[in-house]
Amino acid sequence: MYFVTNFEVTITVNPVPVWEQDAQICNGEFFIVGSSIYVESGTYTTTFGLPTGCDSIVITNLSVVDNVTNSIADTICLGNTYTLPSGQAVSTAGTYIDTLSTISGCDSIITVILAVNTPNCDDNNCNTTDSYDPNTCNCLNMPIEAPNCDDNNCNTADSYDSNTCNCLHTSIEAPNCDDNNCNTTDSYDTNTCTCLHTPIEAPNCDDGNANTLDSYVTATCSCQHSPITLHIVLVPSAFTPNGDGINDELIPIGTPIVNMQFRIFNRWGQMVFESTEIGKGWTGKFKDTDQEMGVYIYTLTYSNADNPAESISQRGNVSLLR
């Protein structure tokens with residue numbers, strides 16, 4: 001026996017919940033949906049079970065954003081500072097890495113390769129002082145004033161060698177000090193760098209011959225022996241009253257004379273000797289005092305024996321030597 005029972009059943013089909021989301025992560029990060037971990041860009045579908053017995057679907061549109069990297073090469077002058085993107089100030093050469101946040105939330109990595117301009121300012125010129133100006137990044141080569149090379153030695157010629165920056169002291173050859181005067185000995189004084197001309201004492205020219213008039217010729221530095229002739233009276237140009245018995249007395253010689261007056265005057269015009277006696281001469285003294293060497297003036301007035309009425313005068317110079 002069969003019984004047929006009719007039931008009315010109402011079936012409701014609920015729609016599957018679907019939720020779509022957009023997500024963004026930085027390179028190196030990860031994104032989790034449920035039990036799934038995503039690290040790459042893409043569209044991912046994740047199904048979740050609901051208490052009603054229907055699944056819930058989540059669609060994730062994931063974008064992976066790369067970190068921004070940048071490299072900067074720059075140069076500063078020695079002594080200056082450089083401000084990195086992070087705001088840090090540095091002054092030495094090197095590679096600096098700064099990590100900065102961007103609008104996207106990912107890091108921006110900036111690498112700064114910094115060089116410092118450190119020039120060698122030595123110009124290998126000893127005539128300059130070399131330095132570096134950090135304000136202009138330029139070398140300064142300032143001229144040096146040449147030193148005073150005078151060594152206070154008159155025997156050297158002093159100069160400055162700009163190639164070696166040294167003083168040069170070149171020996172000076174001594175001059176020829178010969179003054180062509182046979183009455184002097186000539187020498188060179190290295191202390192004063194001057195020529196010295198020392199007088200030479202005139203020799204004794206007396207030849208012991210009463211028939212000659214003996215004198216010293218300064219022009220030739222030689223003795224002159226002039227024969228005494230008649231009617232000539234000579235006064236020697238020099239005599240040496242030094243007590244050696246030779247040429248110690250100044251006496252007029254020559255023709256026999258009478259009525260003689262012989263006078264000697266010094267350079268101030270003072271009469272230091274007078275004689276009217278034939279054969280008596282001057283011994284170089286005045287009031288028993290030896291007179292100084294030098295040139296004296298004589299006057300001689302006389303008459304020849306063969307003509308006593310005629311008066312003859314002569315005047316000249318005589319050198320007193322010792």
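Observations on the model:
- Odd one out for N148, checked against (1) under 18 Å from the mean Cα position of the chain (by Cα); (2) in contact (Cβ under 8 Å) with a residue 12 or more places away in the chain: (2)
- Of the residues making up segment 221-229, not a single one is part of a strand (DSSP E or B), under 17 Å from Y296 (Cα atoms), free of Cβ contacts under 8 Å to residues at least 40 places away in the same chain and in contact with a Pro (Cβ under 7 Å, 6 or more places away or on another chain).
- In segment 273-292, residue farthest from the chain's Cα centre (by Cα) [restricted to those that are surrounded by 13 or more Cβ atoms within 10 Å (Cβ to Cβ) and farther than 13 Å from L250 by Cα]: F286
- Hey, D186 in contact with a Cys (Cβ under 8 Å, 6 or more places away or on another chain), within 18 Å of A219 (Cα to Cα) and part of a loop (DSSP other than H, G, I, E, B) or not: no
- Within segment 87-113, the set of residues being polar (S, T, N, Q) and either exposed (fewer than 13 other Cβ atoms within 10 Å of the Cβ) or closer than 25 Å to N138 by Cα (or both) comprises Q88, S91, T92, T95, T99, S101, T102.
- Any chance D151 is surrounded by 11 or more Cβ atoms within 10 Å (Cβ to Cβ), part of a strand (DSSP E or B), out of contact with any Ser or Thr (no Cβ under 6 Å at 6 or more places or on another chain) and not polar (S, T, N, Q): no
- Options S226, S275, S237: the member that is closer than 16 Å to N317 by Cβ and hydroxyl-bearing (S, T, Y): S237
- Candidate set: segment 69-86, residues that are surrounded by 14 or more Cβ atoms within 10 Å (Cβ to Cβ) and within 23 Å of C26 (Cβ to Cβ); chosen: the one modelled with the lowest pLDDT: P85
- Matching residues in segment 258-289 - criterion: being in contact with a Leu (Cβ under 9 Å, 6 or more places away or on another chain) and not basic (K, R): M260, Q261, F262, I264, F273, G281, W282, T283, G284
The values are calculated or read from the model by the stated rules, or taken from the named source; none is laboratory data. The structure presented is a predicted model; accordingly, all values stated were derived computationally and were not measured. So basically every Cβ, Gly included, is an ideal-geometry build from the backbone, and we count neighbours across all protein chains shown.
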